[in-house]
Amino acid sequence: MKVLVIGYGNTLRCDDGVGYQVAETIAEWQLPQVRSIAIHQLLPELATDIAETDIVIFIDAVVTADQTTSKISITSLVPSGDENFSTHITSPQLLLGITQRLYGVTPVAYLLTIPASNFTLGATPSPIANTGKDLAVGYLKSWLGNLTIKLCMKSAC
């Protein structure tokens with residue numbers, strides 16, 4: 001079983017870069033069967049990578065109504081059949097739809113969102129985004145670590 005993590009966002013827009021930063025951290029772990037991509041925006045070209053995986057986890061920063069909590073959110077995703085897309089406005093659901101249409105596969109997909117409040121120019125995330133980033137890294141370390149152990153028990157790692 002292969003897992004793909006895609007963290008995206010603009011690292012020059014304060015909180016927007018936390019998804020990217022989480023993906024960089026996961027890549028450093030070098031877990032077997034886990035590939036992590038840090039990218040500034042979702043591109044249709046990622047459909048090839050998604051088609052070669054069993055589970056894909058998208059990570060992004062989002063503005064939340066409650067700016068007092070750093071609680072992360074994880075939701076299941078289904079492919080979108082919308083064929084009107086722009087390379088500047090591609091959602092995870094649309095990317096899954098492109099993957100399904102081009103390659104005939106649909107991996108299990110999740111969106112992990114990190115609360116954010118500051119999308120101005122800069123490289124320093126706000127306290128709410130930093131705390132959310134730490135929570136996301138901790139959650140993924142546990143989840144991916146447990147998954148890796150199970151995969152290694154089934155086959156040699």
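The values are calculated or read from the model by the stated rules, or taken from the named source; none is laboratory data. Computed from a prediction, not measured in an experiment: that's the story for all the values here. When we count neighbours, we look across all protein chains shown, and the Cβ atoms used for this are built from the backbone with ideal geometry, even at glycine. These accessible areas exclude ligands, DNA and RNA; they are computed on the full protein's heavy atoms, side chains included. Shrake-Rupley method; radii C 1.70, N 1.55, O 1.52, S 1.80 Å.
For this structure, a couple of remarks:
- Beta bridges per DSSP, both residues in segment 20-120: antiparallel share near 35 percent.
- Centre-to-centre separation between the Cα atoms of segment 1-28 and those of segment 40-71: 8 Å.
- Carbon/sulfur fraction of accessible area - the chain, other protein chains in place, 1.4 Å, %: 55 percent
- Candidates 30, 21, 100: whichever shows maximal mean-square fluctuation once the chain is modelled as a Gaussian network with Cα springs under 10 Å: 30
- Extension gain from residue 30 to residue 80, taking 0.36 nm per residue of separation minus the Cα-Cα distance: 14.9 nm
- Within the chain, helices built from complete DSSP H runs that reach 20 Å or longer along their own axis (Cα positions) and carry a mean Kyte-Doolittle hydropathy of 0.0 or higher are 127-154.
- Charge dipole (the chain, unit charges on Cβ, about Cα centre) - positive-most of 3, 116, 145: 145
- Averaged per residue, the chain has 53 square angstrom of accessible surface, using a 1.4 angstrom probe with ligands and nucleic acids left out.
- Between residue 12 and residue 101, the FRET efficiency from the beta-carbon distance, with R0 = 30 Å, is close to 0.40.
- Only alpha carbons enter this Debye calculation for segment 1-86, each as an equal point scatterer, and the log10 of I(q)/I(0) it gives at q = 0.16, 0.17 Å⁻¹ is -0.71, -0.80.
- Only Cα sites of the chain enter the Debye sum here, all with the same form factor; the resulting log10 I(q)/I(0) across q = 0.10, 0.12, 0.18 1/Å is -0.35, -0.50, -1.08, listed in q order.
- Point-charge dipole on Cβ atoms (K/R +1, D/E -1) for the chain, about Cα centre, debye to 20: 440 debye
- Under 14 Å from residue 133, Cα to Cα: aspartates and glutamates that are on another chain or at least 8 residues apart: 15, 16, 24, 60
- Across the options 50, 125, 92, the greatest Cα extent toward the positive end of the charge dipole of the chain (unit charges at beta carbon of Lys, Arg, Asp, Glu) belongs to 50.
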